[in-house]
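Report on the structure given below.
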Amino acid sequence: MITMAGNTVYVQGNYVDVHDNEVVNLSIEKATVKLQDDAEVTEIEEQDPPKQVENKTETPDDTPEVPNYFAPQKNISVFLCQDWFDEVSSNKKKYTRKWRVGLMEALLESEYKDGIAEDWLQEGKRSQLKCAIVGILIDAKVLKGSFRSVAVKLGVDDLKSASLARYMSKAKNLPYYEWLKAFAES
């Protein structure tokens, strides 16, 4: 915090606010602030000025949003590496944790990665996505048991396990069903 000409200047990282203790007079995001020893602001370079919209500051969105492939890959890998998987695995020596992580890496590098990343953005679809992958692994004989018996192993109540089993059964309708099944079987 710096005081300059009766105003208070707050600097935090790349964010600068100049206040006169009543209103924000200047708000700069992504700025360079250079100070002299007597704490006077000598230069402020504005980089990428923010847009002012109804008293809210928004940064310009010049670059297209890059889909997040890491989050679904990591979270589904963690899900597949839990103890329940070993309990229903058809071959524990073949379908190791390393294999499961590799499966998800390959899926999130495939042509289906954008659709999976989009589904992952919708919190309501995350469980459906996980269960669909489990359903495909059941169909590929990586996991043994029915959709319902595997859903119960996930440690949820009967009502929820019925929903999870339903999500598993709908995996056949997904665009990456054949790709993932073939990958798992090979």
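Some values worked out for this structure:
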quantity	calculated
Cut-off 9 Å between beta-carbons: net charge of the residues surrounding residue 67, Lys and Arg +1, Asp and Glu -1	-2
Members of 125/160; 93/160; 92/113; 94/125 lying beyond 25 Å, as alpha-carbon distances in this model show	93/160; 92/113; 94/125
From phi via Karplus (6.51, -1.76, 1.60), per-residue ³J(HN,Hα) for segment 130-143 in Hz, x at Gly/Pro	4, 5, 4, 5, 4, x, 5, 5, 5, 4, 7, 6, 6, 10
In Hz, Karplus ³J(HN,Hα) per residue of segment 97-114 (6.51, -1.76, 1.60; θ = phi - 60°; x = Gly, Pro)	4, 4, 5, 5, 5, x, 4, 5, 4, 5, 5, 7, 10, 7, 5, 8, 4, 5
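Every number in this text was worked out from the coordinates using simple rules, so none of it is lab data. The model shown is predicted, which means the values in this text are computed figures rather than measured ones. So basically every Cβ, Gly included, is an ideal-geometry build from the backbone, and we count neighbours across all protein chains shown.
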